[in-house]
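*Asks:* Handing you this structure, nothing more for now.
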Amino acid sequence: MADFTGRYFAANSVFLNMLGYTESELYQLTFVDVTYEEDREINRNWVRELVEGKRRHFEIEKRYRRKDGTLVWVRNNVALVPGMDAVEPFWFGIVEDITEHKRVEGELRAFLENSPNPIFLKDRHGRYLYVNKEFKRALRVSEAQIKNKRDDEVFSEEQAAGFQTNDRDVLEAGVPMEFEEVAVQEDGQHTSIVHKFPLFNAEGEIYALGGIATDITDRTRAEKELLILKDELARVSRLTTVGELTASIAHEINQPLTAVTNNSNACLRLLADHNLEAGVLRRALEEIVAGAARASAVITQIRAFIKKAPTEKDKLEINEVIQEVLTLISRELYENGVLLERQSAKDLPLVMGDRVQVQQVLLNLMVNGIEAMAAVKNRPRLLSVQTQVNESGNILVAIRDSGTGLGLDTDRVFTPFFTTKANGMGMGLAISRSLVEGHGGQLWAERNCSQGAVFYFTLPAATEVRYDERSRCLCNR
């Protein structure tokens, strides 16, 4: 306690020990004397309001200077007790040592300020209570621009709306959530993964919302560049495969062109003989048109297979795609003495996929199977292609051969640059697995129960898909 002038006249032992004074020493001092010089002005302001009757008491955090010169942080609850009769007004205060609390608070603030991640704290109404140094740097804002402001007072309308919608989701759900948010800056768009979480008081009520962001702009850019490189590598692999199938492709084009030539010559002979019977000429011309269409279809398929184009996923009938690939390798099957066995399930669900990429996987697996049987002399060379729906509702494709088979480590064949071919790149199966996984499926190999190997891959059946723009996730419905 202190008199109206601020001079102490009573104190308990805890307060005396805190400051290091004896009673007689303390009673010669005022509370201004023991207050740290830099904190005296704010102390005077509070005292003035109490004397003027604007407040009945106040709570203040400040520093005392001990007798030995060191500082102690305190939380001071002070009231001015009015005088009565012969008793003059006096000051009554309860002091709490918060030095340790301030030390921990300082360390926590240093941790937050030096974090490489933007960190923020908002009240329930979306006003920023705290943002760290990295937040201000990343979003190009100053303390004055953002403190106690809402997103719509700082950022563009569209950007603020996205931030606030995500905040509401967290506050309504009362659980931590993760979002992908985009901030538009002078140097372009910055994409971040933001973890937002509610803060609860002692009564279990949400009083604030915190957030920690991780900038993934560079990672996103690198992933896009990697996808481009992967597409380029896949195209190189397709070109290599087409180069290996030159004879088959030429055969597939020559057959209809030969029919076109033969029928054209027949028409010329009929004209020379003045045999203009309409039915005969019509049949010859129809066969010319059909042959030209078949040759055009083969060329169109090859062009689509090797051209440089972005991935385009559409609903595909897997048996139809398999037939397209078998058409390309029909000559290879014939020249290598390979028997083809088809086991195609009827009424299969459609798959959502890129036709060229699915063709590439099938072509690579089938050509590998044909090449694996080149050394087989004592048994039939059999290539089996089977389709069915597995227990998960996905489309399962199995390609079996009766070749030399695989070693014990069947997964090793998918390692990039691993090859058993003298002139192989060792990338075909690695690329095929990547393409299948890009479609949400799996590709694996097993040793055939008799001879050779079997390669399986799955593709999810096409379902209705909706895109959640806010959380940037695909959800099957």
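*Asks:* Each residue of region 276-288 in turn: what ³J(HN,Hα) in whole Hz from Karplus with 6.51, -1.76, 1.60 and θ = phi - 60°, glycine and Pro shown as x?
*Replies:* Along region 276-288, the couplings run 9, 5, 4, x, 5, 4, 4, 4, 5, 5, 4, 5, 4 Hz.
*Asks:* How big is D for region 53-94, in µm² s⁻¹ as a whole number, if Stokes-Einstein is applied with the Kirkwood radius of its Cα pairs at 20 °C and 1.002 mPa s? Show your work: numbers first, answer last.
*Replies:* Values: Rh = 12.1 Å.
Answer, rounded: 176 µm²/s.
*Asks:* With every protein chain left in place and a probe of 1.4 Å, what is the accessible surface of ILE42, to the nearest 10 Å²?
*Replies:* Probe radius 1.4 Å; accessible area of ILE42 about 80 Å².
*Asks:* Rank-order 385-394, 121-130 by packing density, defined as the average count of other C-beta atoms within 10 Å over each peptide's residues, highest first.
*Replies:* Top of the packing list down: 121-130, 385-394.
*Asks:* Among bridges DSSP assigns within region 331-406, what percent are antiparallel (round to 5)?
*Replies:* Bridges in region 331-406 that DSSP calls antiparallel: roughly 50 percent.
*Asks:* Just add up the charged neighbours of ARG124: K/R +1, D/E -1, any other residue whose Cβ is under 10 Å from the Cβ of ARG124.
*Replies:* -1
*Asks:* Okay, moving on. Suppose accessible area is computed on protein heavy atoms with a 1.4 Å probe; arrange VAL32, VAL78, VAL72 from highest to lowest.
*Replies:* Result, largest first: VAL32, VAL78, VAL72.
*Asks:* Roll a 1.4 Å probe over the protein heavy atoms and report the accessible area of VAL104 in Å², nearest 10.
*Replies:* In the full protein context, VAL104 sits at about 70 Å².
*Asks:* Just to make sure I understand: if all protein chains stay in place, what is the order of PHE111, PHE120 by accessible area at 1.4 Å, largest first?
*Replies:* My answer, sorted largest first, is PHE111, PHE120.
*Asks:* Tell me which residues come under 5 Å, amide H to amide H, from LEU29 once H is placed; ignore anything under 5 positions away on its chain.
*Replies:* Close amide H contacts, sequence-distant or interchain: TYR8.
*Asks:* As a test question: what accessible area, to the nearest 10 Å², does LEU350 have when a 1.4 Å probe is rolled over all protein chains in place?
*Replies:* About 70 Å², ignoring ligands and nucleic acids.
*Asks:* Next question. Which entries of LYS196/LYS315; LYS102/LYS147; LYS67/LYS133 show an alpha-carbon separation above 31 angstrom in the structure shown?
*Replies:* LYS196/LYS315; LYS67/LYS133
*Asks:* Let me ask another. Taking the Cα centroid of region 16-66 and of region 280-300, what is the distance between the two, rounded to the nearest whole Å?
*Replies:* That distance is 104 Å.
*Asks:* Can I ask one more? What do you reckon, how do MET1, MET84 stack up by accessible area (1.4 Å probe), largest on top?
*Replies:* Descending accessible area places them as MET84, MET1.
The values are calculated or read from the model by the stated rules, or taken from the named source; none is laboratory data. These numbers were taken from a predicted model, which means no experiment stands behind them. Here the Cβ is made from the backbone with ideal geometry for all residues, glycine too, and neighbour counts use every protein chain on show. Ligands, DNA and RNA are excluded from the accessible area calculation, which covers all protein heavy atoms including side chains. Shrake-Rupley method; radii C 1.70, N 1.55, O 1.52, S 1.80 Å.
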